[in-house]
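Quick note: the coordinates plus some simple rules give every number you see, no bench work behind them. Here the structure is a predicted model, which is why all the values come from computation and not from measurement. Glycine gets a Cβ as well: all are built from the backbone with ideal geometry, and neighbour counts include every protein chain shown.
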Amino acid sequence: MRMIMMGPPGAGKGTQADIVCSSMLIAHISTGDIFRANVTQGTALGIEAKRYMDAGEYVPDGVTNAMVRDRLAQSDCATGFLLDGYPRTIEQVGELDSMLSAQGVSIDAVIEITVDVDEIVQRLVKRAADQGRADDTEEVIRRRLEVFAEQTAPLTSLYASRGLLTQVSGMGDIADVTARIRVVLNPDS
Ligand code: AMP
């Protein structure tokens, strides 16, 4: 299974992606987590990415695509993976298409977790208090939602036109959302 998990900041992508990947035994590739790990380690990539992340902007496509290309070449991705937070721009979709076609594989499913805006802001403010993420301040949250609407929301119609997209409501408890995703991934169970 090769899949993409999409959705606005605060939709619960990371939480649901962890659950799906441990039950399906596939690699969880979160570009946000890889950037944060690089920031913590103080790598050149982390220093570059931090400037954008702290402002709520996307890290430039060239940097992000190269990082994903390296990650997808690792052996644990051979049997399947879930991309969490990538692709986020039309250019990233094109790059991902060419990375996968070079390997002779393709995406099997795209799940978009949908959550209404009031709920998102509440969740992100709570996450800021719980985890202290530098990009969870109110001003940066607002910018991240704008960037998502401008650059990433259009990707859903693109994947829908390929017949790959299923939207899943992200409202309610974590377990409720997981149950909805499970139905999409195992329609016969
Ligand atoms: P996330 O944890 O997925 O919300 O990502 C946190 C931040 O990392 C984002 O606000 C961006 O600054 C950066 N980031 C993560 N994924 C991407 C991506 N696919 N393209 C560009 N920037 C990204």
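In terms of other Cβ atoms within 10 Å, Met1, Met53 run from fewest to most in the order Met1, Met53.
The simple spin-label model puts a point 7 Å past each Cα toward its Cβ; for Asp18 and Glu91 those points are separated by 3.2 nm.
With r defined as the distance between the Cβ atoms of Arg182 and Ala55 and R0 fixed at 35 Å, what FRET efficiency is calculated, to the nearest 0.05? So, using R0 = 35 Å, E works out to roughly 0.45. So what is log10(I(q)/I(0)) for the chain at q = 0.19 1/Å, when the Debye sum runs over its Cα atoms only? Listed by q, the Debye log ratios stand at -1.55. Secondary-structure-derived ellipticity at 222 nm for the chain, considering helices only, amounts to -17500 deg cm²/dmol, per-run term -39500 (n - 2.57) for DSSP H runs with n ≥ 4. Report the full-extension gain for the segment Asp118 to Val105: residue separation times 0.36 nm, less the Cα-Cα distance, to one decimal in nm. Residue separation times 0.36 nm, minus the Cα-Cα distance, leaves 0.9 nm.
So, R0 is 35 Å and r is the distance between the beta-carbons of Leu164 and Ile47; what FRET efficiency does that work out to, to 0.05? E between Leu164 and Ile47, to the nearest 0.05, is 0.50.
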